[in-house]
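The values are calculated or read from the model by the stated rules, or taken from the named source; none is laboratory data. Every value quoted in this text rests on a predicted model; they were computed, and no experiment measured them. Virtual Cβ from ideal backbone geometry, glycine too; neighbours counted across all protein chains shown. The protein model used for the area step is the full one, side chains on, heavy atoms only, and it has no ligands, DNA or RNA in it. Shrake-Rupley method; radii C 1.70, N 1.55, O 1.52, S 1.80 Å.
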Amino acid sequence: MQTNFSLAQLADPKTAEAESIVRKCVHCGLCTATCPTYVTLGNELDSPRGRIYLIKDMFENGRDADAETALHVDRCLSCLSCTSTCPSGVDYMHLIDLAREHVEKTYARPLADRLARGVLAWVLPYPGRFRLALKAAKLGQPFAGLMKKLALTRAFGHMLDLAPAHVPPKSPFAEAGRFAPKGAPRGRVAMLSGCAQPVLKPEINEATIKLLNGLGVEVVIAEGESCCGSLTHHMGREEQALASVRNNVDVWTREIEKGGLDAIIITASGCGTTVKDYGHMLARDPAYAAKAARVASLAKDITEYLSTLDLPQLPANGRTVAYHSACSMQHGQKITMLPKLLLQKAGYKVKEPAEGHLCCGSAGTYNMLQPEISAELKARKVKNIEATRPDLIATGNIGCMTQIGRGTRIPIRHTVELLAEAYG
């Protein structure tokens, strides 16, 4: 794509990065076939190619974001299916990140939008606040229908719809500490406890720690770790996101220096995509660039790490699993076969639903901020999964578990939970 940025504009590192990404786009349109919002809405501006035009125009003309640009940038799920499709290697992930940051800084959102985003950024990255908010949601749920009819409270009505009926008690496996195996350890890893996951499904981290301990691996949840930063990063709140990133880099660097780490294990693939990008996110920070790159190089999805431990082949257990590959897993981290192979090795029969490349519509805060599009994508995903007639659904991301679980009666479990059950 031809660009016309001035030398003065290109002196800004972020503008120069955006320009270099935009120039790789060759207008081929292959991305439109795999983009969930284009497939759903049929609007060129809701395709990656269309958004690239909008972003190019915004940066090239040095203008503030307007309502139209914000609308179509906000509708992007960051599923990154387009990056798996693109033959030209367009780095759409970092381009949309730059656009979101610019929108957040230069566009005056309507009050209702600002209020909803502010509350999400203040609550979701903090497990204690999130737990309290879920408990308080029970009081508000009878009013969810009314709230969805009012512009100012519409997003909060959809948030109340998503709140679970029961909030599990806090798990000891969510606390900072060292979880040692019996006997001499064969490895030592840190594990990101996370923010939403230990509140909604504490059994995921519990299964991970018990499985790794059973395989002889010591697990550390580092003192002082925080949200990975992805939730605020994808809302364009870059200062808040980078504060979380720097905190985690410091926390994990101390663990590396204290006793060494074979890996930093992540059980939520959305978080994994972000942690693996820490090196890029802090590349311009001389105090953190090297440390962030080191942390990013150690980040592994739990299935990546388990695949190095030579798990034994188990006999078939008679259960059929539909494997849903989270977008952040297959498109963000390019992990496609490992989870399925591990499930098969553990004795499960694995089926792949049709249109597996399309997002389920969860995408962090997307199902709260874009509920109509999210609902269409959820219905489409659930229909394809149920067509495989599975006993169970497996996936590697808490957001997908919550989203899909609300649309089907088929039990949905994290991949590592099923592996922990199979291997005792």
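Couple of notes before you dig in:
- Separation in nanometres of the label points that stand 7 Å from Cα toward Cβ, at T320 and R129: 4.5
- Under 5 Å from the amide H of A394 lie the amide H atoms of A322, Y323, H324, R413, each residue being 5 or more positions distant or on a separate chain, with H modelled from the backbone and absent for Pro and chain starts.
- Note on K291: lysines with a C-alpha under 24 Å away, same-chain residues under 8 apart excluded, are K14, K258, K276, K300, K334.
- Using the 1.4 Å probe convention, the accessible area of the chain works out to 42 Å² per residue with neighbouring protein chains retained.
- Distance from the stretch 307-358 to the stretch 195-252 (C-alpha centre basis), Å: 23
- Most to least packed among 391-401, 375-385 [average Cβ atoms within 10 Å]: 391-401, 375-385
- Put a dot 7 Å past the Cα of Q2, heading toward its Cβ, do the same for L41, and the two dots end up 2.9 nm apart.
- Whole-percent pair-distance distribution, where bins are 20 Å wide, for the alpha carbons of the chain: 26, 59, 15, 0
- Under 9 Å, Cβ to Cβ, from T320 - net charge with Lys/Arg +1 and Asp/Glu -1: +3
- The stretch 131-169-the stretch 384-415 distance, computed between alpha-carbon centres (Å): 23
- Beta bridges per DSSP with both ends in the chain, % antiparallel, nearest 5: 15
- Cα extents of the stretch 1-152 along the three principal axes, largest first (Å): 54, 35, 28
- Spatially proximal lysines relative to K201 (Cα-Cα < 19 Å; intrachain offsets below 8 disregarded): K135, K138, K170, K210
- In Hz, Karplus ³J(HN,Hα) per residue of the stretch 359-370 (6.51, -1.76, 1.60; θ = phi - 60°; x = Gly, Pro): 5, 7, x, 6, 6, x, 9, 4, 5, 9, 8, 10
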